[in-house]
Amino acid sequence: MTRSSVTSLPTLAASCFIHQGKLVVNGNTVFSSHAPVLDFFTELYTFSGVNYPKFYKMDAQSQLAFLCAEFLLKNNTINGVAPFDWSVVLSCANSSNDTDIKYWENARLAPSPATFVYTLPNVMLGEICIRHGFKGENSCFIFNTFDAAFQVSYVNRLLEKRAKVCVHGWVNFFKEEYAAFLFLTVNIGETEGELHSPELINKIISNYAGID
Amino acid sequence: MQELISTLKQQIVEQLNLKHIKPEEIGDDQPLFVDGLGLDSIDALELIVLLQQKYGIKLANPEEGPKVFHTVRALAEFITANQKK
């Protein structure tokens, strides 16, 4: 469904996928690599042109979330939205299990505080919020698979009552298997794009599967 | 002392995941926190772990932290003084 007039309804403004060695922004493959997963993330960081040394200290899941948000927001033209009106809603299947296991294995020898701080899935939201200065509501939900109906409903409700912009989607990393897709949905009145709906989100995800 | 300082720089880069910095780029007297190398509170905890793991030294008095971890040279002097005990 396309916007027929300027009304105050949540509208999808951008999308970003990182999966199977590819970075896809707004439907266009902009980077690809056959490197091992963590090297691929480092390549994406270099490709982003960002100077943010804390990236190297993040666990893999937070690196993935950071990178996906970075490319999602890189060319956004949203201006004048207060930090408290930016929200983040993510979901994943494996929580922080990848880092939990690494921490548990190393803790027998010497617990690492730097690893311990990533043993919560919502830390990845914190990394995005710190990087971009977002101070609005943020939440992380655990699902077996991405539930577009739930997330669209939650985000749209948020955008009706408590926020103007929302970065949302799926970021999952476990034992070198990974997938991230984030969407930028806004409710600021004059944005080009399509109305935010489960059908639209599912269509974009389904189209992504066919991107070379 | 200089050998210990060089070793510490390598260990700090490795333990704190400072992949954007080469050990030799860290100055002997460069502050490690805030305006210097930019380390944070979690890094301070990692340095305490490093002291215990690599040198068998426990920081008994946390209030000593800012002084001990001020620079690589200060850390090396603390290690040298406490390993002799």
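Taken together, the values in this text are just the output of simple stated rules run on the coordinates, not laboratory data. Note that the structure is predicted; figures quoted are calculated from it, not measured. Every residue, glycine among them, receives a Cβ derived from its backbone with ideal geometry; neighbour counts consider all protein chains shown.
For the protein assembly as shown, the fraction of alpha-carbon pairs lying more than 36 Å apart is 28 percent, rounded to a whole number. A simple spin-label model places pseudo-atoms 7 Å from Cα toward Cβ; at A:Asp39 and A:Asn202 they are separated by 3.9 nm. Here the relative contact order of the range A:78-212, from alpha carbon pairs under 8 Å that lie six or more residues apart, stands at 31 percent.
Based on the Kirkwood radius over alpha-carbon pairs, what is the Stokes-Einstein translational diffusion coefficient of the range A:13-164 at 4 °C with 1.567 mPa s viscosity, in µm²/s? In µm²/s, the coefficient rounds to 78.
Rounded to the nearest 0.05, the FRET efficiency derived from the C-beta distance between B:Val34 and B:Asn61 at R0 = 25 Å is 0.75.
Listed by chain and number, the aspartates and glutamates whose C-alpha is less than 16 Å from the C-alpha of A:Lys161, apart from same-chain residues fewer than 8 away, are A:Asp85, A:Glu137.
Length gained on full extension, A:Arg162 to A:Phe141, computed as 0.36 nm times the residue gap minus the Cα-Cα distance: 5.7 nm.
Counting DSSP beta bridges in chain A, what percent are antiparallel, to the nearest 5?
About 70 percent, rounded to the nearest 5.
The charge dipole of the range A:11-208, taken about its Cα centre with unit charges on the Cβ of Lys, Arg, Asp and Glu (plus for the first two, minus for the last two), comes to roughly 340 debye. With the helix formula -39500 (n - 2.57) applied to DSSP H stretches of n ≥ 4, chain A reaches a computed 222 nm mean residue ellipticity of -11000 deg cm²/dmol. Calculated [222 nm] ellipticity per residue, helices only, for chain B: -16000 deg cm²/dmol; basis is -39500 (n - 2.57) per DSSP H run with n ≥ 4, divided by all residues, nearest 500. In the range A:63-122, the convex hull through the Cα atoms has an average projected area of 5.3 nm², a quarter of its surface area. Counting only the Cα atoms, the range B:2-83 fills a convex hull of 85 Å³ per residue. With a simple spin-label model that places each label point 7 Å from the Cα along the Cα-to-Cβ direction, the separation between B:Ser41 and B:His20 comes to 2.2 nm. For B:Met1 and B:Lys54, the FRET efficiency from 1/(1 + (r/R0)^6), where r spans their Cβ atoms and R0 equals 25 Å, is about 0.95. Averaged over the residues of peptide A:135-143, the number of Cβ atoms from other protein chains lying within 10 Å of each residue's Cβ is 0. Pairs over the 22 Å Cα-Cα cut-off, from the set A:Lys175/B:Lys9; A:Lys54/B:Lys22; A:Lys175/B:Lys54; A:Lys22/A:Lys102: A:Lys175/B:Lys9; A:Lys175/B:Lys54; A:Lys22/A:Lys102. The spacing between the range B:1-68 and the range A:130-154, judged by their C-alpha centroids, is 37 Å.
Under a Gaussian network description of chain B, with springs only between Cα atoms under 10 Å, the residue in B:Ile21, B:Ile48, B:Ile12 that fluctuates furthest is B:Ile21.
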